[in-house]
Structure formats: structure tokens, C-alpha cells
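Contents: one structure, followed by commentary.
Derivation of every value follows stated rules applied to the coordinates shown; laboratory data play no part. Model, not experiment: these values are computed from the prediction. As a convention, Cβ positions derive from the backbone with ideal geometry for all residues, glycine included, and neighbour counts pool all protein chains shown.
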Amino acid sequence: MSGHDVLGDDWINGWLVTIGIALLVSAIAIVYVTHQTRSLFVEAQSLNAERDALEIEWNRLRLEHSTWATHGRVEQLARDELDMRQPGADDIVVIENVESDN
């Protein structure tokens, strides 16, 4: 064997080791990225479910708010809890604005 062949074999072996290390690093990176992707997907699904639940609650609260604020409900509460009633014609007093002459 000549010295040139030994150097050639060392060079090839060096490249093979380098390629092997690069392949190993690449495989580990793929496993890591796949794990991160799955973790983020699970988190996104959880956040979407939470968003949907909050949206349902928000719609329920809006409906409840509109129910509490209806004119019929306010009128019913005024009659039942405050003993208020619609004034009759003889209960209404009109006060005119009289400007004084000074």
C-alpha cells in the first residue's frame, strides 16, 4: 500500500464519521421537532376548547343580560318590589314654567 491510499482511506473514513454524526444529529432533531409539534397541537386543541366554552358562556350571559333588562321585567319588578304603578289621569299634574318679570 502506498502512503497515498492510506491518506485516501483516512479521508473517506473521516467523511463517513462526519456524515454519520450529521445523520444522528438530524434524526435527533426530527424527533425533537415532532415532539414539539405534537405538544403544541395538544395545547392548541386545549385552547380552542377553552375558547369555545368561553364563547358559549359569553352568549349565555348576553342572553341573561337581555332577559333581565326587558321592559316587562323592569315593570314587573317596579310593581312587585317597589309598589309602583302607572299613574292615572287625575294623578298627573302639569307644572308650567313661569318666567318672572324682573
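Can you confirm whether Glu50 is part of a helix (DSSP H, G or I) and within 22 Å of the chain's Cα centre (by Cα)?
yes
Filtering the stretch 55-84 down to residues that are surrounded by fewer than 10 Cβ atoms within 10 Å (Cβ to Cβ) and part of a loop (DSSP other than H, G, I, E, B), which residue is nearest to the chain's Cα centre (by Cα)?
Out of the qualifying residues, it is Ala69.
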